[in-house]
Each structure stands twice: as structure tokens, then as C-alpha cells.
1. Taking the Cα centre of the range 96-214 as origin and charging only Cβ (+1 Lys, Arg; -1 Asp, Glu), how large is the dipole, in debye to the nearest 20?
2. Spin-label point model (7 Å from Cα, Cβ direction): what's the Ala111 to Asp169 distance in nm?
3. Considering the dipole of the range 2-103 built from charges on the beta carbon (Lys and Arg +1, Asp and Glu -1) around the Cα centre, which of Leu14, Thr46, Gln89 is farthest to its positive end?
4. In whole percent, what relative contact order does the range 2-103 give with Cα contacts below 8 Å and a gap of six or more residues?
5. Can you compute the label reach from Thr9? Point 7 Å from Cα along the Cβ direction, backbone N cut-off under 19 Å, restricted to the range 86-114.
6. Which length gain, in nm to one decimal place, applies between Asp137 and Glu70 when the Cα-Cα distance is subtracted from 0.36 nm times their residue separation?
7. With 10 angstrom as the radius, rank Trp35, Trp7 by how many other C-beta atoms surround their C-beta, starting from the fewest.
8. Straight distance only, please: which lysines reach the Cα of Lys183 with their own Cα at less than 18 Å, same-chain residues fewer than 8 apart left out?
Amino acid sequence: MTATAAWPTFEAALLGRDLVADRTMAFRFAKPADWSYRAGQFVDITLLDPPETDAEGNTRGFSISSAPDEDVIMITTRLRDTAFKRVLQTMPLGTAVKIEGPFGDLRLHHAARPAVVLTGGIGITPFRSILVQAIRDGGLPYPVVVFYANRRPEDAAFLDELADLAQQDPHLTFVPAMSDMSKSEREWEGKRGRIDGSMLDRHLAGVADAIYYLTGPPGTRRSLGSRSEACRTRCSLRASLRCRGRCRAHRLA
């Protein structure tokens, strides 16, 4: 591993890849023994001499979905039809990529106040890391309510794992909601419809003075932010890492 003026840079071999939802794949890379990161951070990954490329280039930023005490670097992404994603899906195991980072400062707050997470689709990835690590370290220090929006259960990465985490920690409330079950082949006994003010009101009764987090791709953040009256009355949502007031937003490439 080498260190530039600002951040570590190293090569890491692809160890494995698995589908974790429809059109969503987790990639696991070797983790250097002398490299560390905080839950919620992200890295830049560059393909080295790929067999194809396109105008978007060979580098992408990804939230780290593994927890810091896990022995791999895992990133999870939707499988768009780009040269980068095609190469990532098909390159042989053992192929090295360049990793730069970690970057970012998304983390749960230190104040003894509840947290409310509004996320959808691939936006769950940094909070998979944050929640797994917090629970392994002894548990969440205050109530955390995670609203997770998807069209169908088939689209929801880490759905079962997050439900299991909520069973392990009494401070974690997990509220997955599906908005298009007519296109699903799975049974679903959870919430249906979009995450809106009325859904927030039902699940946040008694949750006072919370700090809100909004994560996901730009379209998801706009959609959740525009519908989340309970959050919008407390702060001004921004498409940046932190926004003014009591809400924090996290951007995914």
C-alpha cells in the first residue's frame, strides 16, 4: 500500500461476487492488513487495463458495505449496462483493481438522540456497514429507525440480514416498504406503498428530537426527501454529505 499526499492507494484482488438482489451484486476484495476505515465510508475503485471502457471512464466511487471488522472489502452495486459494470461482473477472480481511500464522514451521531434513516435501493449499503459494526461492538446506543424503500422484495439488498439485525438489537427498528408488489413473485407481509409522511407518523410516534439521515442515489434522495414531511419540517435536505439543521444526507455514485 502506498500513501499519496492525501489518502492511501493500493491494489486488491477480487475474491468473490454474489447476487444480493435482482440486478444487484456484492463484490469482495482482499483487505490489506495495514488498512482500515470507519463504517459508512467509501472508496474509489479503478479497473486496471480493462478489456473495454466507455465515456464514463474506469473509476467509480462505492460505499463500503462490509463492516470494518470483516476480513474483506465489500462493495455492492446495481448492475447497469456500462463497460465498468460489465468488466466487474466478468473479470476472473484474482484480478487486481486499484483502490483509493477511504473517504467520507457518514456516521451515526454521538448525541443521545434517536436516529431516523430514510433510504431506498442501493442506498442501504453504508448503513449495512454501520449497523453490523455497531451491533458487533455491543449494540446501538439509542433508538435507530430504518425506513427502506424498494419496489419489490427481490430488489432489496440485505433485506433478510437487516431484519435479523433488528431481532438482535432492541434499539433497531427496521421498516422495509414495497411500492410495486404487483410485479413481485414473493409473498410479502410487510409494509406496502411509498414512504410518506403518514407512514413516518405511524412508526415515529414517541420518537422525539431525532436526527435524520437520507441516503441513496440522487433520484432516491429526491423522491424520499420530497415525501418525507416529518423530516422536511425539521431541516432543509441537501444533496451533500451533511445538510443544515438536523438531517444528514449521503450521496452515492
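1. Working: 13 positive and 16 negative charges, 41 e Å.
In total the dipole reaches around 200 debye.
2. My value for the distance between the label points is 2.0 nm.
3. Gln89
4. 39 percent
5. It comes to 96-104, nothing else.
6. Working: separation 67, 0.36 × 67 = 24.12 nm, distance 1.24 nm.
So the chain would gain 22.9 nm between Asp137 and Glu70.
7. On the way: Trp35 15, Trp7 12.
Sorted ascending by nearby Cβ count, the order is Trp7, Trp35.
8. Lys191
Since every read-out is calculated from the coordinates, none of them should be taken as a lab result. None of these values were measured; they are calculated from a predicted model. Cβ coordinates were reconstructed from backbone atoms using ideal geometry, including for glycine residues, and neighbour counts include every protein chain displayed.
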